[in-house]
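Enquirer: Just passing along the structure, written as C-alpha cells.
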Amino acid sequence: MTDSVSQSLPKRIAVIGGGVSGLAAAHRLVELSNEGPNKFDVTLFEASDSPGGVAGTRRIGEYLVETGADMFITNQPAAVNLCQRLGLSDQLIPTETAHRGSLVLRNGKPVRVPEGFMLISPAKVWPVLTSSIFSPLGKLRMGLEFLLPRRRERTDETLASFVKRRFGREAFDRLIQPLVGGIYTADPEKLSLQATLPRFIEMERKHRSLIIASRKQAAARENNSGTDGSGARYGLFTAPRGGISVLFDRLLEVIKQQAAVKLGEAVTAVSRSDSGQYTVQLRSGDSINFDGVVIALPSFHAASVLSAGSTDNSDVQSSNSVRELTGLLNDIEYSSAAVVVSGHRLADIEHPLDAFGLVIPAIERRKILAVSFTSRKFPGRAPEGRILLRTFVGGALQPEMLDQSDDEILQTVRAELKSILGVGGEPDFMEVCRYKRSMPQYHLGHCERVARIRDLTEGFAGLELAGNAYAGVGIPDCVSSGESAAERIVQQLLKQCSPDR
Ligand SMILES: Cc1cc2nc3c(=O)[nH]c(=O)nc-3n(C[C@H](O)[C@H](O)[C@H](O)COP(=O)(O)OP(=O)(O)OC[C@H]3O[C@@H](n4cnc5c(N)ncnc54)[C@H](O)[C@@H]3O)c2cc1C
C-alpha cells in the first residue's frame, strides 16, 4: 500500500444489525483499523434500543435471567478468543459439575439420557443397554449399527434419514429427534445433515460405524474432564459470570470508543450506485453513503433492505443478481419459538431436577419442547433454595403454540411443568419471551443455497452478509461470521484502492 493510497482512507463502512454477528463485525473492523495503516470509519446501525439481538440478560428480583442464549461452546474458539481480546477471560465460568446430564421424557416420565451419548451417537454401550428409554428391540436395532456398511452416495440427506438409517426409528423418535431438533427448534425430517452436523458424515466415511468412531473419540479424550455426563459435553460450555449480556455490553463499549453506534435506527434500504458506493436509508428518513456495508440481519430482513434499495437500479445485470440474491435469502425458512422464564422455590417441586434440563420427544405429544434447569448449569442465576427454569415452546413442529396469548402460553406451561416435574406453588415470577422468526432452518439444500448467495455477494464489491442464517447458529458461529465478513470487506476495499488494480 502506497502513502497516496493510505491517505485516501478512511473508508466508511456500515454494519447493519447489532446482534452478536453485527457486534463482532463492527468490533473486528475497529480492531483492523487499529492494527494496520488503514483506517476505517465504522457506523453500526441497530433497530432496537439495546444490542444483543435475540440474546440478552435481565435481572428479575434476585434471579439472573437469560432470555435467549445462556451459554456457548468452547471447542469452536471464536467466542472464547473474542472474550480474551475484550479482557473478559476471567469472567468466563464453566458449567457446574454437580447435576451434569440431561433427561428425556419417556411415557410422561423424565428418564436420564445414557451417559456418553454424543448428540447422535453413543460412545458407551452399557449405559444404552441398561437405559429404560429404548425397548429391547430398539436396543438391538441400535446395536446393528456396528455392522452396517457406509453409505456410498455422496449426496446430502436429512438428519432424520441419517439417524434412522444408522440407529433405527426408535433411537430417532425417542432421543435424537428432541436432542438435535431442540438446537435448531427444527424438524429433523427436513434438516440438512451436511449443513448442521457434518462431522457425523465424516465419522461414517472414515470409521464406517458411528459407535466405533464415537468410542475412539471418547478414548482419545479420556483425560478430558469435559466429556463426562450424558447428552451434550457439558464441560465444553461456558458463559460470562454476569450473563451473556456482559459480552454485548463490553463489545459495545469498545466499539463506541472508535465507531459511531446508532441504536434505535432501523435501516430500510441499501442501494448501490454505479460508482460502487452504498447508500443506507434509515427509517428516520436520513440516508448516508458508505464504501462498504456488512448486513448482519436475519436473511429475510437482509433480503428486504436489499430489494428496497434495488428498485431504482438501472444496471440490468446487477438488478437480476439482486433479485436472485434476495430470492435465495427469502428462501431460508425460520421457525418461531417462545421461552418461558420462571423462578420457583425448590421446595415446591417434586422432581429433584438432578440434571441440566429435560428434552421432550415429539411422539410424547406434549405442549412444550424442553425445559432448561438454568440455575443448575451456572452459579448465581437463582437465590438460595430457588431454581430458574426456562421452558421452550413452539418451534418448527408446534408453530401453532405461538398463536396463543401470553396468558394462554403461561397456563399451558404451568400445567405441563406440574404434570411432568411436579412443579407446584406460586412461581416468584413467570414471563414469556417471544422469538418470532428467529431460528433459521438449515433445510436440505442449505449448503448449495449459501454457496450461491456467497457467489452472488462476491459480485458486489463492498457488500458482505453475516449472521446465523448461513453457517451455524451458535454464538461462536455468529462471532466467526461477523469477523470473517469484516475481514473480507476490508480486503475488498483495500483491493479497490490498490494502485495495481
Ligand atoms: C431462544 C434462543 C436460545 C438460544 N440459545 C443459544 C445458546 O444457548 N447458545 C448458543 O450458542 N446459541 C443459542 N441461540 C442461538 C444464538 O443466540 C443466535 O443464533 C444468535 O444470537 C443470532 O445472532 P445474530 O446477530 O446473527 O442475529 P440476531 O440476534 O437476530 O440480530 C439481528 C439484529 O438485527 C437487528 N435488526 C433487524 N432488522 C434491522 C434493521 N432493518 N435495521 C437495523 N437493525 C435491524 C435486530 O434488532 C437484531 O438486534 C439461541 C437462540 C434463541 C432464539
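Enquirer: Considering only strands (runs of 3 or more DSSP E) fully contained in the range 316-388, which possess at least 3 residues that are of a type outside the set (D, E, K, R) and either touching a helix residue (DSSP H, G or I) at 6+ places or on another chain (Cβ under 9 Å) or within 30 Å of Gly459 (Cβ to Cβ) (or both)?
Expert: By residue number, 334-345, 357-359.
Enquirer: Right, another one. Suppose we filter the range 304-325 for residues that are crowded, with 22+ Cβ neighbours inside 10 Å and modelled with pLDDT of 95 or more; how many remain?
Expert: 3
Enquirer: From the set of residues in the range 442-453 that are away from the ligand (no atom under 16 Å from the Cβ) and not in a helix (DSSP H, G or I), which is surrounded by the fewest Cβ atoms within 10 Å (Cβ to Cβ)?
Expert: Per the criteria, the residue is Gly445.
Enquirer: Need a quick list: strands (runs of 3 or more DSSP E) entirely within the range 1-112 having at least 1 residues that are on the phi < 0 side of the Ramachandran plot, away from the ligand (no atom under 12 Å from the Cβ) and under 21 Å from the mean Cα position of the chain (by Cα).
Expert: Correct list: 57-60, 63-66, 92-94, 102-106.
Enquirer: Moving to a separate point now. Name the one entry in Ser304, Ser299 that is within 14 Å of the ligand (Cβ to nearest atom) and without any contact (Cβ under 8 Å) to a residue 24 or more places away in the chain.
Expert: Of Ser304, Ser299, the one residue that is within 14 Å of the ligand (Cβ to nearest atom) and without any contact (Cβ under 8 Å) to a residue 24 or more places away in the chain is Ser304.
Enquirer: If you don't mind, another one. Pick from the range 260-289 the residues that are hydrophobic (A, V, I, L, M, F, W, C) and surrounded by fewer than 21 Cβ atoms within 10 Å (Cβ to Cβ): which of them is farthest from the chain's Cα centre (by Cα)?
Expert: Among those that are hydrophobic (A, V, I, L, M, F, W, C) and surrounded by fewer than 21 Cβ atoms within 10 Å (Cβ to Cβ), it is Ile288.
Enquirer: Which of the numbered conditions does Val294 fail, given that it passes all the others? Conditions: (1) under 26 Å from Ile73 (Cβ atoms); (2) part of a loop (DSSP other than H, G, I, E, B).
Expert: The one condition Val294 does not meet is (2).
Enquirer: Could you list, in sequence order, all residues of the range 398-430 that are within 15 Å of the ligand (Cβ to nearest atom) and either assigned to a helix (DSSP H, G or I) or in contact with a helix residue (DSSP H, G or I) (Cβ under 8 Å, 6 or more places away or on another chain) (or both)?
Expert: Within the range 398-430, Pro399, Met401, Leu402, Ile409, Val413 qualify.
Enquirer: Same structure, new question: Looking at the structure I just gave you, is Val293 in contact with a Cys (Cβ under 9 Å, 6 or more places away or on another chain), modelled with pLDDT of 95 or more and within 16 Å of the ligand (Cβ to nearest atom)?
Expert: No: the conditions fail for Val293.
Enquirer: Moving to a separate point now. Could you list, in sequence order, the residues of the range 266-284 that are within 14 Å of the ligand (Cβ to nearest atom) and not hydroxyl-bearing (Ser, Thr, Tyr)?
Expert: Ala266, Val267, Ala269, Val270, Val280, Gln281, Leu282, Arg283
Enquirer: Considering only the range 454-491, state which residues are within 13 Å of the ligand (Cβ to nearest atom), surrounded by 19 or more Cβ atoms within 10 Å (Cβ to Cβ) and aliphatic (A, V, I, L, M).
Expert: The answer is Leu465, Ala466, Ala469, Val473, Ile475, Val479, Ala485.
The values are calculated or read from the model by the stated rules, or taken from the named source; none is laboratory data. Quantities reported herein were computed from a predicted structural model and do not represent experimental measurements. Ideal geometry is used to build each Cβ from the backbone, glycine not excepted, and the neighbour counts take in all protein chains shown.
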